[in-house]
1. Inside segment 76-167, counting only helices (runs of 4 or more DSSP H) that do not spill past its ends, which hold 1 or more residues that are at pLDDT 70 or above?
2. Please go through segment 1-44 and pick out each residue that is under 60 Å from the mean Cα position of the chain (by Cα) and in a loop (DSSP other than H, G, I, E, B).
3. In this structure, is Glu33 among the charged types (D, E, K, R) and without any contact (Cβ under 8 Å) to a residue 12 or more places away in the chain?
Amino acid sequence: MDVEQIQKINTLALNLMKQGLAADRREAVEQAEKIFRERVTEDYNSIKETMQKVEEQRHDIPSRRSEELPAEKVSEILEKNTLFLVKKIKEFEEKMESLQREVADVRTKLAYKNLPTVNDVVSKREESRRDSPSAENKESASPAHPRSGNYKEADVSIEKFFYMGSK
């Protein structure tokens with residue numbers, strides 16, 4: 001017996017004692033076990049009957065497995081399956097090739113990005129010129145002329161550049 005059955009028997013025995021159908025605890029437990037066994041056997045018998053009915057119904061219904069498909073039908077189904085599989089494999093191959101091309105493109109872009117460009121070379125030359133004072137300093141020492149662009153905002157007002165007419 002499992003724990004659930006023992007608990008059911010004990011609760012049934014307590015109910016029998018409360019209602020006065022049993023004189024003492026032992027007698028109540030014996031009566032509860034008899035009642036419980038009768039219920040269990042009834043349940044078992046009903047389950048057995050339903051199983052027999054189900055088996056009879058199985059035998060009445062012809063099974064699909066016993067019917068064999070014609071060889072032509074089988075070959076047609078297999079041919080469709082192989083065509084489908086071949087199609088899917090080709091799709092995957094095309095996808096793989098496109099992914100490989102994309103990866104190669106990305107790699108070449110990265111390689112070209114890391115190569116020095118003309119701007120990099122020019123900026124390096126400018127930095128080297130800035131570091132070493134040379135002829136540029138000599139040229140800037142010449143007097144600045146207002147038309148050459150060496151003047152500041154404070155030197156000339158904006159109204160002189162743009163004539164708006166009489167105010």
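1. Of the helices (runs of 4 or more DSSP H) lying wholly inside segment 76-167, those with at least 1 residues that are at pLDDT 70 or above span 118-131, 158-161.
2. Met1, Asp2
3. When the stated conditions are applied, Glu33 does not pass them.
The values are calculated or read from the model by the stated rules, or taken from the named source; none is laboratory data. Note that the structure is predicted; figures quoted are calculated from it, not measured. Here Cβ is always computed from backbone atoms with ideal geometry, including for glycine, and neighbour counts include all displayed protein chains.
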